[in-house]
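**Q** Here it is: the structure, laid out below.
The values are calculated or read from the model by the stated rules, or taken from the named source; none is laboratory data. These numbers were taken from a predicted model, which means no experiment stands behind them. Cβ placement follows ideal geometry from the backbone for every residue including glycine, while neighbour counts extend to all protein chains displayed. Protein only, heavy atoms only, side chains kept; ligands, DNA and RNA dropped before computing areas. Shrake-Rupley method; radii C 1.70, N 1.55, O 1.52, S 1.80 Å.
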Amino acid sequence: MMNESNYSIVPPYSGLVDLNAASQQSGMHPEMILEIARSQLVKVSLIVIAGDLYFDCAAVSRLRQIEQLRVGQRAHMRTIRLIMRLTDRAEAAERNLHQLRERLLKTLP
């Protein structure tokens with residue numbers, strides 16, 4: 001079962017793609033996408049009316065990255081989880097650094 005924080009509930013037609021479209025765009029089998037969603041490597045959106053799983057462009061991009069690691073680099077899921085976690089941390093650190101720089105520049109005369 002997926003963790004509730006892995007879901008976001010959105011109104012229909014919010015620029016999201018369904019599981020089949022995400023599969024086509026990422027080159028990944030729908031069952032593998034569901035496995036990855038269960039492991040919380042990608043965020044999933046639930047459409048209120050249909051209750052179906054949908055993915056935004058950032059999630060599809062992440063699925064492509066995971067598929068490249070999985071098939072192109074032959075990485076195991078455990079390794080992929082580590083790589084994605086480290087990538088997320090590096091991106092968060094970069095965002096924090098950018099925010100700190102902006103605040104610092106605002107305080108300078």
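**Q** Using the heavy atoms of the protein chains and a 1.4 angstrom probe, tell me the accessible area per residue for the range 24-109 in square angstrom. Walk me through the numbers on the way to the answer.
**A** Numbers: 6230 Å² over 86 residues.
On a per-residue basis, 72 Å².
**Q** So how do 96-108, 21-33 stack up, highest first, on mean other-Cβ count within 10 Å? Before the final figure, lay out each step's value.
**A** Working: 96-108: 8.7, 21-33: 16.7.
The packing order, highest mean first, is 21-33, 96-108.
**Q** For Ala92 and Asn20, what is the calculated FRET efficiency with R₀ set at 22 Å and r taken between the beta-carbons, to the nearest 0.05? Could the numbers behind the result be given before it?
**A** On the way: r = 31 Å, r/R0 = 1.42.
Efficiency, from the Cβ-Cβ distance: 0.10.
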